[in-house]
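The values are calculated or read from the model by the stated rules, or taken from the named source; none is laboratory data. The model shown is predicted, which means the values in this text are computed figures rather than measured ones. Neighbour counts are summed over all protein chains in view; Cβ atoms, including those assigned to glycine, are modelled from backbone coordinates with ideal geometry.
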Amino acid sequence: MAKVVPVVHHHNMHPNLRLCNLDRLSIAKRRLAKCMTANPLTSQTLAEFAKAMKGASSTVCTSFLPVFYFLLDTSRIPPTLALDSLDHTLESQLLGGFLSLDGLFSSRPSQETFPDLWPRIYAWSYYLFEHEDFVSGVVNLDNPKEYYCRMMDFFGYLSTSPSNKSQILSTPISHVLAGRAYKCFSDPADFQKHDKALWMVRNIFIGCNGRLDHVLEGLCGDITDFARLIHRNCELAVPPSARQMDMAKISHLTMSLAVIAVIDKIADVRPWQPQASASRPLCSALVPLGFVSIVAKAALTLSCIPVNKWTKANSEAMGPCLATLQILFQQDHHSNVLQEAVQCGLVAILLAASTVACTIRTQFNDSLLEGVCSILTTVLTPFTVYYPVLLLLDGDSHLLHLVSDIPNPPDTLKSAWATFVSALHARLELLTLFNSGTVISHRICGGCGIIAAKTNLKCCSHCRWVTYCSPKCQVFDWRAGHQAACGGNDRLRLKIRLTYTRKEFTFLRFLLHHEYANAKSQIALAHVLHLMATRNASVFTSFDFRLFPVRVDTLGGPEEPSTALKHPGDFVERGTKLLARMPLGNERTMDWSFLLARETHILDEFGEIAKRANLDSMGSNEIKDEVKRAISGEGRTAVAIAKLST
């Protein structure tokens with residue numbers, strides 16, 4: 001609950017707030033004003049005042065400013081305990097305070113009156129919000145939307161002064177009231193009718209700087225409810241057709257993306273280099289709602305604008321769209337998220353952004369190029385290995401000839417597009433081969449990594465999935481980790497297997513077989529070695545399996561990393577880590593772990609190939625030399641990276 005700060009009574013109030021100003025009013029208004037400041041207030045006076053304020057102009061409302069200030073004295077707020085049995089006096093004070101707030105929101109007082117008005121405004125506003133269900137029966141609050149929208153309009157008016165704006169945005173009660181107002185926006189007409197109010201609400205959200213507790217209090221919900229509201233309002237802002245451009249609505253979407261950026265604390269991070277491990281509760285809640293599609297559709301709408309009509313405002317809208325897509329992809333590594341974006345024209349969006357940024361060179365457009373490169377490199381290219389994504393990209397392959405039309409692309413962009421196009425064409429050839437019914441005649445031994453005809457290999461009798469060339473290899477792999485990941489373990493099976501359909505899994509196996517066979521002679525060049533210079537130094541090797549994004553997870557310390565394999569529970573809880581054993585020539589078995597960007601727990605398919613991929617091309621002495629070169633100092637972690645030529 002937000003804390004209401006006690007009002008400090010200013011003896012030297014602003015002259016415009018003094019009751020003596022009422023003498024300047026006309027006779028009828030002066031009489032009404034005098035009655036409203038009399039004690040006690042009568043029902044007849046309140047009814048007359050309500051009638052006078054209804055539909056009154058801002059000039060008329062401003063003339064009653066001293067009356068508003070008088071009736072909003074916090075000493076007139078009825079005690080909470082008295083609400084169950086209000087007498088006439090307290091009920092009159094409650095109604096008088098509400099009518100004063102309502103009239104004040106329609107007025108335009110001098111900005112200099114803010115220090116005196118603001119404490120009373122937020123104290124009464126929060127009180128009415130907190131007891132809205134009860135108060136609405138007393139004050140006849142027929143249209144909460146109009147009331148809260150006029151409140152936000154008034155806050156926006158006061159915010160034209162930088163000092164006033166700073167105080168409004170830093171007041172927790174403002175965040176509560178903005179959350180309550182945000183619940184009201186449910187109609188497409190709200191974007192035009194309550195344009196200023198909506199902008200003020202979002203400014204207040206940005207001002208909360210990621211502290212959501214007060215906003216959620218206003219929403220009377222949790223982060224999921226907030227995500228639903230943002231999703232609904234952004235959905236209303238996206239035109240039904242990519243050809244129907246409405247920059248007013250797109251600007252509302254851009255503002256919402258700014259809110260998301262601030263709340264999830266990504267505003268100070270370079271948009272193309274977000275930290276994957278960072279907690280982003282709002283983005284995580286938005287992904288299941290299909291928010292990726294909304295952002296992608298907005299970006300596609302922008303991409304339909306011809307280059308000769310492109311403006312700075314278009315770039316300022318496209319940039320946040322691409323940055324948000326990049327962040328949303330990181331929240332859920334299931335391919336169906338990327339499928340949504342590809343279905344909504346992600347390839348066309350990236351092509352348009354590339355063309356615009358290379359044609360109109362500005363600092364902001366240079367940032368667009370960085371975003372395009374990042375999405376191509378870290379999202380699209382790696383995900384060409386997934387069957388449903390590849391099917392969708394096959395439908396967009398006719399667009400790839402437009403890559404050559406990008407004018408004067410920088411080397412980074414040219415390389416990113418070339419890598420993606422090359423990977424896609426290679427994978428599409430395999431897709432055609434796969435769909436033609438070609439059978440994999442060879443499999444990989446789960447123990448030594450040798451590729452042999454399936455007739456010479458035997459399956460694990462438990463899971464019927466991993467194959468071995470000899471009983472010795474099967475025993476070795478069972479002890480090295482297959483026991484924990486074997487498909488016979490139902491609890492692990494749910495964790496490991498059921499994220500894929502059978503066809504997707506079969507295609508992955510098909511693809512890995514062909515790519516491993518083709519890259520076998522050079523795959524060892526794509527390793528990353530980590531050495532912990534401790535007493536028990538352990539080498540961990542991770543493979544950038546062609547275009548797979550791989551990160552090394554170094555397990556240092558006095559204990560052997562293999563101890564983690566003795567605790568199957570850790571294997572389930574960690575989920576994203578794979579622990580296995582890697583034979584280095586004739587040397588003792590070393591432990592390693594690797595982390596894929598998506599579905600890292602498919603031990604049998606990715607692990608059995610990658611963990612033994614360098615056996616035929618790099619001996620133990622060569623690995624020792626690599627380790628020695630990797631050492632950069634005593635007690636420090638060193639990294640040696642060699643890129644795989646594609």
Selection status of T74, of a type in the set (V, I, T) and either surrounded by 23 or more Cβ atoms within 10 Å (Cβ to Cβ) or closer than 30 Å to H194 by Cα (or both):
yes
Report, by residue number, each residue of the stretch 60-74 that is among the aromatic types (F, W, Y) and either outside any helix (DSSP H, G or I) or in contact with a His (Cβ under 8 Å, 6 or more places away or on another chain) (or both).
F64
Does at least one position in the stretch 302-318 carry a residue that is within 17 Å of the chain's Cα centre (by Cα), in the same structural domain as E370 (by TED's automatic domain parsing) and within 18 Å of P239 (Cβ to Cβ)?
yes
Residues located in the stretch 25-58, provided they are touching a residue at least 24 places away in the same chain (Cβ under 8 Å) and assigned to a helix (DSSP H, G or I)
K29, A33, M36, S43, L46, F49, A50, M53, S58
Among helices (runs of 4 or more DSSP H) completely within the stretch 99-191, the ones holding 3 or more residues that are within 19 Å of L71 (Cβ to Cβ) are 114-130, 132-139, 144-158
Return a yes/no flag: does the stretch 75-98 have any residue that is touching a Leu at 6+ places or on another chain (Cβ under 9 Å), without any contact (Cβ under 8 Å) to a residue 12 or more places away in the chain, within 28 Å of Q44 (Cβ to Cβ) and outside any helix (DSSP H, G or I).
yes
Okay, helices (runs of 4 or more DSSP H) sitting entirely in the stretch 337-410 with 3 or more residues that are under 21 Å from P320 (Cα atoms) and at pLDDT below 90, I get 346-359, 363-375
Just to verify a result, which residue in the stretch 306-336, among those that are part of a helix (DSSP H, G or I) and in contact with an Asp or Glu (Cβ under 9 Å, 6 or more places away or on another chain), is surrounded by the most Cβ atoms within 10 Å (Cβ to Cβ)?
I327
Mind checking which residues of the stretch 368-379 are within 18 Å of the chain's Cα centre (by Cα) and not small (G, A, S)?
V372, I375, T378, V379
With respect to the numbered conditions (1) surrounded by fewer than 19 Cβ atoms within 10 Å (Cβ to Cβ); (2) among the aliphatic types (A, V, I, L, M); (3) modelled with pLDDT under 80; (4) under 18 Å from the mean Cα position of the chain (by Cα), which one is the sole condition not fulfilled by L289?
(3)
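Quick grid of which residues meet (1) surrounded by 11 or more Cβ atoms within 10 Å (Cβ to Cβ); (2) outside the structural domain of S107 (by TED's automatic domain parsing); (3) modelled with pLDDT of 90 or more; (4) over 27 Å from E91 (Cβ atoms):
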position	(1), (2), (3), (4)
V5	yes, no, no, no
N21	yes, no, no, yes
I27	no, no, yes, yes
R30	yes, no, yes, no
L41	yes, no, no, no
P66	yes, no, yes, no
Which condition number in (1) without any contact (Cβ under 8 Å) to a residue 60 or more places away in the chain; (2) in contact with a Phe, Trp or Tyr (Cβ under 7 Å, 6 or more places away or on another chain); (3) among the polar types (S, T, N, Q) is the one that S397 fails?
(2)
